[in-house]
1. From the residues in region 212-222 that are open to solvent by 10 Å² or more (accessible area, probe 1.4 Å) and not basic (Lys, Arg), which one is nearest to Gly90 (Cα to Cα)?
2. Among residues belonging to region 84-114 that are crowded, with 23+ Cβ neighbours inside 10 Å and among the polar types (S, T, N, Q), point out the one that is nearest to Ala49 (Cα to Cα).
3. Looking for something among the aliphatic types (A, V, I, L, M) and within 29 Å of Val324 (Cβ to Cβ) - is there at least one such residue anywhere in region 148-162?
4. Quick check on region 240-256. Is at least one of its residues among the charged types (D, E, K, R), over 22 Å from Val31 (Cβ atoms) and open to solvent by less than 20 Å² (accessible area, probe 1.4 Å)?
5. Of the residues that sit in region 271-290 and are among the polar types (S, T, N, Q) and part of a strand (DSSP E or B), which one is nearest to Leu56 (Cα to Cα)?
6. For region 311-327, state whether one or more residues are touching a Cys at 6+ places or on another chain (Cβ under 6 Å) and either of a type in the set (Gly, Ala, Ser) or surrounded by fewer than 24 Cβ atoms within 10 Å (Cβ to Cβ) (or both).
7. Give the number of residues within region 260-270 that are among the hydroxyl-bearing types (Ser, Thr, Tyr) and not in a strand (DSSP E or B).
8. Within region 291-311, can one find any residue that is in a strand (DSSP E or B), among the aromatic types (Phe, Trp, Tyr), at pLDDT 95 or above and under 23 Å from Pro48 (Cα atoms)?
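The values are calculated or read from the model by the stated rules, or taken from the named source; none is laboratory data. Every value quoted in this text rests on a predicted model; they were computed, and no experiment measured them. With ideal geometry, Cβ positions are generated from the backbone for all residues, glycine too; neighbour counts draw on all protein chains shown. For accessibility, only protein heavy atoms count, side chains too; no ligands or nucleic acids. Shrake-Rupley method; radii C 1.70, N 1.55, O 1.52, S 1.80 Å.
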Amino acid sequence: MSLRFPRAMWSAVLPSVLLLGGVALAAKAVVEIREFLVPSPDALPHDPAVAPDGALWTAEQHANKLGRLDVATGQFREYPLTTADSGPHGLVVDPAGTVWFTANYKGYVGQLDPQTGKVREFRWNDARAGDPHTPVFDSSGILWFTVQRGNVIGRLDPRTGSSRFVEVPTPKAIPYGVVIGADGAPYFCEFGSNKIGRVDPSTMTIREFVLPEGARPRRIALAPDGSLYYSDYARGMLGRLDPSSARVDEWRSPGGPGSRPYGIATTADGLVWYSESGVQPNTLVRFDPATKRFEVTPIPSGGGVVRNMVATPKGELYLACSGVNRVAVAVPATAKESR
């Protein structure tokens, strides 16, 4: 299915708020947000991904489809999956342009060829891995993914189709967001505890880093300096973990304890971006580690919970605005100026 929409269903350069020493100051807008409607109603676009050609891909969890947005033209094409009610959740695009996704309802990892629309399914015989959650590729081409209720981390070799699983030491840890660290190892959030885990790629042993009491990290992003930023959904905090020293730093999110930080990403300039899902409208927050300043921009449609986001090589941000059935492209002023 291929539909062409106007360039953006929502497009706005909204005023931002600069927070300095707890005082709100007027600030020039730092980001332009353009939103695009997903063709299937109530599709619940979940996670976005960026393709080598710059396209925005999204998992349409309730529609049982994957969607591709041509950001330049606004053309949106949908790809139905083979197995009904697969519940596509997380997705990632490999360097060849092939799309990989986790079937959260049916317990498999899928591979979509955008040229043919053909879907290949990778399955396993481990009963623990019934709800694969978020995938990420390492530099060797191995696909790692979290399994939320199963409390395991999965490893899939696309060349052989073989998979392995390792259980998280902490019971009911709820493995959630995952990223490949500067050392080439997967780091994942334990949303059910106050920990971040690291998987040794060779031995598949897991080391856990303890965060402050009450923290519930949900999504995680790698910064250029090798540190890891995470969104603390429970306490309304932005956190930073230095894996080399295990040091943790925290900052209160502008929206306060109930702001529920969720989707998070970093850009090549070192800035940290994330969305507050507990405020209305949802906000896109920029944090500058050098100055410790936050800048907040409301999402035009309200956002409807931005569960995940990803940065493009150009410094743009792709968002999935689940509750309002839209995907969004956020263009920071710095990225706009470099075009």
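1. Ile220
2. Thr102
3. Checked region 148-162: no residue is among the aliphatic types (A, V, I, L, M) and within 29 Å of Val324 (Cβ to Cβ).
4. no
5. Ser275
6. no
7. 1
8. no
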